[in-house]
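Trainee: After the structure tokens below, expect a handful of questions from me.
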Amino acid sequence: MFNAITHSQIYVLDQDQALDFYVGTLGLEVGADVDLGFMRWLTVGVPGCPERQVLLEKPGGPALSEETAQQVRELVTKGAMGSLIFSTDDCRKTYETLRGRGVEFTEEPTERPYGMDCGLRDPFGNHIRFTQPKT
């Protein structure tokens, strides 16, 4: 049967702005940036981990009607369309680095039973967390 999850998807409202944020600010790398005609296939991933990509998809056709796409856009801005969770070796250092790049956080690094983590939102409203697992 299955042996890996290769791609996950989140909706973004502007793919160029998403590229700037996810690559330029968070430090991910582009996996693919392809104009398919009916959509732009834009993926990013953690450097050195090409086997796991996140599709930064703009809501719209052909998968969604304009009415549904508008509903999705509204849900994205409300932060109701899911989240991304990354791991890091040093939560506080990553937090300070990203704060220095202008990232606004929704939650500072906090000790949890599973490790230390914190939260932020991308420019569109998607929730992002990163965790330093307990050792």
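The values are calculated or read from the model by the stated rules, or taken from the named source; none is laboratory data. If you're wondering where the values come from, they're calculated on a predicted model, not measured in any experiment. No Cβ is skipped: glycine too gets one built from the backbone with ideal geometry, and neighbour counts run over all protein chains shown. SASA here: full protein model, heavy atoms, side chains in, ligands and nucleic acids out. Shrake-Rupley method; radii C 1.70, N 1.55, O 1.52, S 1.80 Å.
Trainee: What does the extension gain come out to for Asp16 and Asp90, with contour length at 0.36 nm per residue minus their alpha carbon separation?
Mentor: Residue separation times 0.36 nm, minus the Cα-Cα distance, leaves 23.8 nm.
Trainee: What size of dipole, in debye to the nearest 20, comes out for the range 41-99 about its Cα centre when the only charges are +1 on Lys and Arg C-beta atoms and -1 on Asp and Glu C-beta atoms?
Mentor: Computed about the Cα centre, the dipole is about 180 debye.
Trainee: Could you check how much of the accessible area of the chain is carbon and sulfur, as a whole percent, using a 1.4 Å probe?
Mentor: Within the chain, the accessible surface is 51 percent carbon and sulfur.
Trainee: Still on this model: 222 nm [θ] for the chain, helices only, -39500 (n - 2.57) per DSSP H run of 4+, per residue, to 500?
Mentor: Values: 3 runs with 27 residues, N = 135.
Calculated mean residue ellipticity at 222 nm is -5500 deg cm²/dmol.
Trainee: Here's a follow-up. Which loop GluC sites (Glu not before Pro) in the range 56-124, with loop taken from DSSP, have no more than 15 other Cβ atoms within 10 angstrom of their Cβ?
Mentor: Glu104
Trainee: For a label point 7 Å from the Cα of Ser8 along Cα→C-beta, name the residues of the range 110-135 whose backbone N is under 16 Å from it.
Mentor: Label zone hits: 117-122, 125-133.
Trainee: So, one more: Which angle from 0 to 90°, rounded to the nearest 10, does the C-alpha axis of helix 91-100 make with the longest principal axis of the chain?
Mentor: 60
Trainee: Let me ask something else. Regarding the chain, what whole-number volume in Å³ per residue does the convex hull of its Cα atoms give?
Mentor: 137
Trainee: For the range 81-135, how big is the tail of P(r) above 16 Å, as a whole percent of Cα pairs?
Mentor: Working: 537 of 1485 pairs.
Roughly 36 percent, rounded to a whole number.
Trainee: What does the accessible area per residue of the chain come to in Å², with a 1.4 Å probe and no ligands, DNA or RNA counted?
Mentor: Accessible surface, normalised per residue, equals 60 Å².
Trainee: Convert each backbone phi in the range 120-131 into a coupling constant with the Karplus relation 6.51 cos²θ - 1.76 cosθ + 1.60 (shift: θ = phi - 60°), then list the ³J(HN,Hα) values in order as whole Hz, x for Gly and Pro.
Mentor: My calculation for the range 120-131 gives 8, 10, 6, x, 9, x, 5, 7, 10, 10, 9, 10 Hz in order.
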